[in-house]
1. Inside the stretch B:51-167, counting only strands (runs of 3 or more DSSP E) that do not spill past its ends, which hold 3 or more residues that are buried (at least 17 other Cβ atoms within 10 Å of the Cβ), touching a strand residue (DSSP E or B) at 6+ places or on another chain (Cβ under 6 Å) and touching a residue at least 60 places away in the same chain (Cβ under 8 Å)?
2. Pick from B:A92, B:A80, B:A76: which is within 14 Å of chain A (Cβ to nearest Cβ) and closer than 19 Å to B:V143 by Cβ?
3. Mind checking whether some residue in the stretch B:34-44 is in contact (Cβ under 8 Å) with a residue 24 or more places away in the chain, more than 35 Å from the chain's Cα centre (by Cα) and within 14 Å of chain A (Cβ to nearest Cβ)?
4. Is it the case that some residue within the stretch B:99-109 is in contact with a helix residue (DSSP H, G or I) (Cβ under 9 Å, 6 or more places away or on another chain) and within 14 Å of chain A (Cβ to nearest Cβ)?
5. Is there any pair with a first residue in the stretch B:206-218 that is surrounded by 13 or more Cβ atoms within 10 Å (Cβ to Cβ) and a second that is outside any loop (DSSP other than H, G, I, E, B) and of a type outside the set (S, T, Y) whose Cβ atoms are under 6 Å apart and which are 6 or more apart or on different chains, and what are they?
6. So, in the stretch A:1-43, how many residues would count as being in a loop (DSSP other than H, G, I, E, B) and exposed (fewer than 14 other Cβ atoms within 10 Å of the Cβ)?
7. Can you confirm whether the stretch A:115-125 contains a residue that is at the interface with chain B (Cβ under 8 Å from one of its Cβ atoms), modelled with pLDDT under 85 and either touching a Gly at 6+ places or on another chain (Cβ under 8 Å) or under 23 Å from A:G63 (Cα atoms) (or both)?
8. Of the residues that sit in the stretch B:134-164 and are within 16 Å of B:V113 (Cβ to Cβ) and among the β-branched types (V, I, T), which one is modelled with the highest pLDDT?
Amino acid sequence: MEALTEIFNIGAGRAAASLSSVVASTVKLSVPRIELYDIKDVDVDALGLGHKRLGAVLQSYAGPFEAQAMLLFPEENALEIVRDMLGSTLSIEELSELEQETMCEVGNIILNACLSAMADVLGVSFEATLPSYSIDSLGTLLRNSIEDPGQPLMLVLNIDMIIERRNTQGFLAFLLSYPSLDMLMAHIDRFLGKI
Amino acid sequence: MSSVLSPSEESLHLSKMLPQIVNVMSLGLILIDAQRTVLLWNNWMRQRSSVVVDDPIGMGIEAVFVGGLPNALGIAIDNALKYGLPSLLSNALHGAVLPLFDYKKGGDQPERVQQSIHVLPLKGDGGTRYCVLQISDVSASVVRERKLRAQAETLKEQAFTDGLTGLMNRRHFDERFPLEFRRAKRQQTPLSLVMLDIDFFKAYNDQYGHPNADKVLIAVAQTLRATLDQSIEVIARYGGEEFIVVLPDCNEHDAGHIGEKLRASIENMQIPHATSQVSPYVTISVGLSSLTPDVTSSENLMLASVDAALYIAKHKGRNRVSSAARP
């Protein structure tokens, strides 16, 4: 888990660098904590998300292990991010097509950075779908994402994001199967064995 | 001759059709290989791009565009070729990032195409990586969105403005006051509220009629605006003949001066008011409440206290300014 946190923080650093250049202001990202849940036990309250509606950027990955990645921000945080980046003053209901696309890009940058860090460190490679954006409760998002009941595990990364001194918390969740988790752990062990 | 094609003929047919399909599509397609050499450049691109050479096939993608390859696109291409990860460049963050022009629009100065770009990794034989850039023209959406946004702003403004006086309406005040209150609390700065009411307004209405009463409301609003510092943002029509002003960074002493200035400015308009029991002219009563918010204070308590101060001003004989006890 520690090694994984390390890898994701490398990714977070890369993501922050790309985001900073895109929005031309300082963006800082860190992954302070990683937790593994059985999806049955995922308690929306434990994540501090309550029954709030969440903005989610979804992307599927295939490779040495398969995962469905979800970048989750409470809806109002997602809006703050877009507002900070675009300087727009619209309300949640008005979050337009173009702004949703922006949220997708932000999610894509963060997800790609984490995955590319993993690819570099573990010497693996992935294939991925393009990101999509949706707004729903965590329960519904999980139900919609688990087409495959063989992905009963959820690896949750807590993400701290600072744009222009405004601090935003979000989560990056990977839905994994047991074999995928085993593969991931095997790759990490191999990596740890090398150093 | 049979019109039915065998599977092999069909795939041959399809491979002949593909280049045509690529060229009739109404989006830009560029294929580059792992060395970042351009392998395909479709008609859509040819018709719109401002490139260094007419036919960029065989060139490195970095050298193709006038002004070079945008940084974000370079990173996205890296992600596709090195890691097999797809990316998107949203229009809102990147705008018209590539030098693509719609030569049909804008005459001598062709319009730059608003773009949304997808960068997609492909795998060839033996795992060689390729990358497709798919460029969509979203200019129409951008224009539509700008229009919708402008309309939304106008509607919002209308919903928050008092139609008669042009001041903020009650709803707008209810939204703004808590923000000012919280800011004063955060920054530990004084905050004052001024609530004022036109004296014997019902009697004026009965005597002079509705249209003239409306004119008085408009005149009072104009005078308030003219008397107050232009930088004071929150002046609202609070009720029928009641107005409210938020004075940020203003203590009790200064609020007293401003209250008196407002009272005098209305009296000095000298609008005749035959049925007023306190003056031959239209006058106002003014209530004041000032504080530096701390943990014990609340917006509602402050509103209640300024309301009480206004009541005292009325009770003491109108056309005067009264301050509240500390809320």
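1. Answer list for the stretch B:51-167: B:129-137.
2. The unique qualifying residue is B:A92.
3. yes
4. For the stretch B:99-109, residues in contact with a helix residue (DSSP H, G or I) (Cβ under 9 Å, 6 or more places away or on another chain) and within 14 Å of chain A (Cβ to nearest Cβ): absent.
5. The qualifying pairs are B:A213/B:N205.
6. The qualifying residues number 5.
7. yes
8. Looking at residues that are within 16 Å of B:V113 (Cβ to Cβ) and among the β-branched types (V, I, T), I get B:I135.
The values are calculated or read from the model by the stated rules, or taken from the named source; none is laboratory data. Computed from a prediction, not measured in an experiment: that's the story for all the values here. Here Cβ is always computed from backbone atoms with ideal geometry, including for glycine, and neighbour counts include all displayed protein chains.
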